[in-house]
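**Q** Below are the C-alpha cells for one structure; questions will follow.
The values are calculated or read from the model by the stated rules, or taken from the named source; none is laboratory data. Everything numeric in this text was worked out from a predicted model, so none of it was measured. With ideal geometry, Cβ positions are generated from the backbone for all residues, glycine too; neighbour counts draw on all protein chains shown.
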Amino acid sequence: MRNRIRELRTKLNITQEELAKKAHVRRETIVFLEQGKYNPSLKLAHDVAAALKTTVDKLFYFED
C-alpha cells in the first residue's frame, strides 16, 4: 500500500510533528507511514486523512 502523506503534508506546509499532533500520534508514526513501513488502522488512516483535509481513499492506494 502506498500513500500521499508527504506530498499532501508538504502542500499544506506542515511538519511531521504538526501532523502527528493533529492525528494524535507520535512523530515517528508519521515517519513510518510516509516511508511505507507501517500500515495504519482504519481509525489512524481516517485521522491522518482528516488532518490533511482529504479522504482515506485519496490518501492511501494500492499499486498493481
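**Q** Give region 19-56 a look and list any residue that's in a loop (DSSP other than H, G, I, E, B), more than 12 Å from Arg4 (Cα to Cα) and not basic (Lys, Arg), or say none.
**A** Matches in region 19-56: His24, Val25, Tyr38, Asn39, Pro40, Ser41.
**Q** Same structure, new question: Of the conditions (1) buried (at least 16 other Cβ atoms within 10 Å of the Cβ); (2) modelled with pLDDT under 95, Glu63 satisfies every one except a single condition; which number is it?
**A** That leaves (1) as the condition not met.
**Q** Which of the residues that make up region 46-55 are closer than 22 Å to Asn13 by Cβ and in contact with a helix residue (DSSP H, G or I) (Cβ under 7 Å, 6 or more places away or on another chain)?
**A** Of everything in region 46-55, those that are closer than 22 Å to Asn13 by Cβ and in contact with a helix residue (DSSP H, G or I) (Cβ under 7 Å, 6 or more places away or on another chain) turn out to be Asp47, Val48, Ala49, Ala51, Leu52, Thr54, Thr55.
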